[in-house]
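Data first, discussion second: the structure below is written as structure tokens.
The values are calculated or read from the model by the stated rules, or taken from the named source; none is laboratory data. A quick note: this is a predicted structure, and the numbers were derived from the prediction, not measured. Every residue, glycine among them, receives a Cβ derived from its backbone with ideal geometry; neighbour counts consider all protein chains shown. Quick note on the areas: whole protein, heavy atoms, side chains included, nothing else; ligands and nucleic acids left out. Shrake-Rupley method; radii C 1.70, N 1.55, O 1.52, S 1.80 Å.
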Amino acid sequence: LGEGIDELSLSINIYPNPVKDDLVIEGVNDMLESDVCIYSLMGVLVAQYSQWNGEKIDVSDLNAGVYLVKINSTTLKFVKQ
């Protein structure tokens, strides 16, 4: 594995990508009840979900663009349409 990639991030999948309304995160059974944060590419926190339990995340109110979703130490990129 390359630097900066941990095995956990390889097992996490977010879809659909690009997303319009609801973002689904799967493969995170050991991260349930974690905080999920969504950041703009500028590093601004745009949404935060405490004690997340695997439910879909409504991103319909975000502007179109590229965002980062962070769960614990894992960060993934998604595109909002």
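List pairs: first residue in the range 60-74 and closer than 19 Å to Lys20 by Cα, second residue part of a loop (DSSP other than H, G, I, E, B) and open to solvent by less than 50 Å² (accessible area, probe 1.4 Å) anywhere in the structure, Cβ distance under 8 angstrom, at least six positions apart or on different chains.
Tyr67/Val59
Matching residues to (1) modelled with pLDDT of 85 or more; (2) within 11 Å of the chain's Cα centre (by Cα):
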{"position": "Met31", "(1), (2)": "no, no"}
{"position": "Cys37", "(1), (2)": "yes, yes"}
{"position": "Val46", "(1), (2)": "yes, no"}
{"position": "Tyr49", "(1), (2)": "yes, yes"}
{"position": "Glu55", "(1), (2)": "yes, no"}
{"position": "Ser60", "(1), (2)": "yes, no"}
{"position": "Asn63", "(1), (2)": "yes, no"}
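Every residue in the range 41-73 that is among the charged types (D, E, K, R), out of contact with any Cys (no Cβ under 8 Å at 6 or more places or on another chain) and surrounded by 10 or more Cβ atoms within 10 Å (Cβ to Cβ), please. Working first, answer last.
First pass over the range 41-73, keeping only residues among the charged types (D, E, K, R): 55-56, 58, 61, 70.
Cutting the leftovers down to out of contact with any Cys (no Cβ under 8 Å at 6 or more places or on another chain) gives us 55-56, 58, 61.
Once the filter is applied, which keeps residues that are among the charged types (D, E, K, R), out of contact with any Cys (no Cβ under 8 Å at 6 or more places or on another chain) and surrounded by 10 or more Cβ atoms within 10 Å (Cβ to Cβ), the range 41-73 yields Glu55, Lys56, Asp58.
Considering only strands (runs of 3 or more DSSP E) fully contained in the range 30-80, which possess at least 2 residues that are more than 18 Å from Tyr15 (Cβ to Cβ)? I'd like the intermediate steps shown before the answer.
Details: elements: 34-40, 45-52, 65-71, 74-80.
In the range 30-80, the matching strands (runs of 3 or more DSSP E) lie at 34-40, 45-52.
Could you say whether any residue in the range 17-40 is open to solvent by less than 20 Å² (accessible area, probe 1.4 Å), without any contact (Cβ under 8 Å) to a residue 40 or more places away in the chain, of a type outside the set (S, T, N, Q) and more than 21 Å from Gln81 (Cβ to Cβ)?
No, the range 17-40 contains no residue that is open to solvent by less than 20 Å² (accessible area, probe 1.4 Å), without any contact (Cβ under 8 Å) to a residue 40 or more places away in the chain, of a type outside the set (S, T, N, Q) and more than 21 Å from Gln81 (Cβ to Cβ).
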